[in-house]
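The structure under discussion appears below in the form of structure tokens.
Nothing in this text is a laboratory measurement; each read-out follows from the coordinates by a stated rule. The shown structure was predicted, so the numbers you read here are calculated from the model rather than taken from an experiment. Glycine gets a Cβ as well: all are built from the backbone with ideal geometry, and neighbour counts include every protein chain shown.
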Amino acid sequence: MKNLRAFDAADYLDSDAVIAEYLNAALEDENPDVFLQAIADVAKARGMTKLAKDTGLGRESLYKALAPGAKPRYDTVLKLVRALGVELHTTPAHADRG
């Protein structure tokens, strides 16, 4: 039997386009932990130390904010998203019925 390495999404997050698509897919899930895990994966890919510097948050604070089951503040999520170089946008969920 071969030794298999555990899948790590961070290994594949190697461009801004891939990162944006990955975060968009995570936002489609109703479970907020999925989006936080996706941010954590991107943070790992980009480097937690750099992200801490770019957000002005300590590394321990980042790990706590991105831990499973965490409930980070909205401003923390915004700092993370901006530091990762992506933007969040909304679109209508349903077509206008006018």
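Which one, [x] 33; [y] 71; [z] 36, gives percent of Cα pairs over 21 Å apart as derived from the coordinates shown?
So the structure-derived entry is [z].
Using alpha carbons only, how many degrees (0 to 90, rounded to 10) separate the axis of helix 32-46 from the longest principal axis of the chain?
Around 50 degrees separate the two axes.
Which residue, chosen from ALA52, VAL18, LEU88, occupies the Cα position most advanced towards the positive end of the dipole of the chain, where the dipole is computed from +1 (Lys, Arg) and -1 (Asp, Glu) charges on Cβ about the Cα centre?
It is ALA52.
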